[in-house]
Amino acid sequence: VQLQASGGGLVQAGGSLRLSCAASGRTLSTYAVGWFRQAPGKEREFVAAISWGGGRPDYTDSVKGRFTISRDNAKNTVTLQMNSLKPEDTAVYYCVTSKYGSSWSRRAADFGSWGQGTLVTVSS
């Protein structure tokens, strides 16, 4: 499956963005899907993941209460709604599929289908 993340941009602190992940080549419905981010000079960081059925969303502590992950299997898409953005959220965001089907870890190595990512820049 090939994934394309979009929806990034420049936003002021406190603002919102909605990232979309579109899949092609195969259905996403049998995969858990995650979002990772990578800031300049830093390692890739787990942000959120969602099970194939849309339940059990998982968030890293720094985004809990601000970000919401959701999916529409009929449209083969996953979204990440990001509210109350902070400058430390600035990064390239990637959507990825779990290598373990419906389950996942928070390790980047356990996810695949890394695409180009989409840049989110939050100004202070």
Below 15 Å, Cα to Cα, which aspartates and glutamates can K42 reach? Residues fewer than 8 away in the same chain don't count.
E88, D89
Average accessible surface area per residue within the chain, 1.4 Å rolling probe, Å²:
49
Extend 7 Å from the Cα of Q2 along its Cα-to-C-beta direction; within region 66-89, residues with backbone N under 17 Å of that point are 76-77
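Carbon-plus-sulfur fraction of the accessible area of region 49-124, 1.4 Å probe, in percent?
50
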Looking only at lysines whose Cα falls under 16 Å of K64's and that sit 8 or more positions away or on another chain, we get K86
Based on alpha-carbon centroids, what's the gap between region 69-110 and region 1-64 in Å, whole number please?
2
Once phi is turned into θ = phi - 60°, what whole-Hz ³J(HN,Hα) does the Karplus curve with 6.51, -1.76 and 1.60 give for every residue of region 3-8, x standing for Gly and Pro?
10, 10, 8, 8, x, x
Provide the packing ranking of 105-114, 53-62, i.e. peptides ordered by the mean count of other C-beta atoms within 10 Å per residue, highest first.
105-114, 53-62
Label-point gap, in nm, between Q116 and L10 - each point 7 angstrom along Cα→Cβ
1.9
For the pair E43 and R18, how long in nm is the line joining their label points, each one 7 Å along Cα→Cβ?
3.4
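The values are calculated or read from the model by the stated rules, or taken from the named source; none is laboratory data. In this text the structure is predicted, and so the values were computed from the model without any measurement. Because the Cβ atoms are built from the backbone with ideal geometry, glycine has one as well, and the counts that use them run over all protein chains shown. Side chains are part of the model used for accessible areas, which takes the heavy atoms of the whole protein and leaves out ligands, DNA and RNA. Shrake-Rupley method; radii C 1.70, N 1.55, O 1.52, S 1.80 Å.
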